[in-house]
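What follows is a set of notes on a single structure, which appears directly below.
No lab work stands behind these numbers, since they all come straight from the coordinates. Please read all numbers here as calculations on a predicted model, not as lab measurements. Here Cβ is always computed from backbone atoms with ideal geometry, including for glycine, and neighbour counts include all displayed protein chains.
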Amino acid sequence: MTPPQRPATLDDVARRAGVSRSTASRVVAGTGFASPAARERVRAAVDDLGYVPNPAARALVRGTGVRLVVAVSGATPAVLDDPYVDRVVGAAARACAPYPAGVVLQWLPLTGSAGLERIAQDRGVAGVVLVNTTERLLEAIPTALRGRVASIGIGSRTVPAFDVDNAGGAAQAIHHLYASGRRRIAMVSGPRWLPCAGRSVQAYRQIMRDAGLPVRLVPGDFTAERGRAAAGEVLARWPDTDAVFAINDLTALGLIAGLRGAGLRVPGDVAVAGFDDIPHAAVSTPALTTASHPVGRIAAAAAIAVLRRRPVPPVTTFSSALVRRASA
């Protein structure tokens, strides 16, 4: 049995054509000077050998990069454990499939500047998708990265933003709680440093004011553990609470566990609604009422914008829809 031949390399092309490797590279890439005779010999060698340029190697040589960095800002590296981040990375990886690029995940401290400088100096980086973006982070974007960055969250004059309509989704969930007869509605919010989390809080405050109802806010951090603890805080401060809207589904699931641990029925005594519509929301007990969050579409759009390097609108907003289930 004849062993399979290895793919032809650029060195093979150069030897067959009788030119230097750099000359062969210029002819194949279509850049730089080469004599007409050298070009003809290189092209003939490419045809004879069936040489196919390696797009990843070409990207490195040109400095256009072979890695898309998903950079997640947070107080600690624990932010990388959030299932939301998994969904962003998976969608970005699928979007990268047609390109000579893979995806890497990196934590950025809330200051962010040093990490962004290191990314900017790496020739292997094709671009960056920022997650949990803050104004401070946007101000720290190095000039070398401009045109190669997109944000999931807030943006700036030089960084396009892709995000869900947080306020609209939150409003739908809260209006649903109100329409079901709930009047003492509390909310567990997200981290104060994250601008997008503030949109949901603003929507909650506005709805409560318009309805003449008291505002009952408890801080959260997007985790189920904090949701469970927040349930105890809500009950201690406002024992008559009959509904809670949580900033995300993990918080909502923690809330349900905390409420049931305190002997309350969900939704009999306290209704609970979340935001995200994660896969587990549909199979929890009770199944969670929530507002949808098209994370995959958002992350894919941000990744493609970075990889194509074409002008896009400053802000691209994706709608959220209420998903009614048993918890509210």
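Observations on the model:
- Based on C-alpha pairs under 8 angstrom that are at least 6 apart in sequence, region 90-143 has a relative contact order of 35 percent.
- Per residue, the chain reaches -13000 deg cm²/dmol at 222 nm when only DSSP H runs of four or more residues are counted, each adding -39500 (n - 2.57).
- This model, with +1 at the C-beta of Lys and Arg and -1 at the C-beta of Asp and Glu, gives region 209-328 a dipole about its Cα centre of some 480 debye.
- Annotation: amide H-H contacts under 5 Å for Arg216 (H modelled 1.01 Å from N, sequence separation of 5 or more, or interchain): Met187.
- Counting other Cβ atoms within 10 Å as a rough exposure proxy, the listed residues Ser35, Ser25, Ser200 run Ser35, Ser25, Ser200 from fewest neighbours to most.
- Quarter of Cα convex hull surface for region 59-205, i.e. mean projection, nm²: 9.9 nm²
- Anisotropy class of region 166-293 from Cα gyration tensor, a/c 1.5 cut: rounded
- Evaluated over the Cα positions of the chain, the convex hull gives a direction-averaged projected area, one quarter of its surface, of 22.2 nm².
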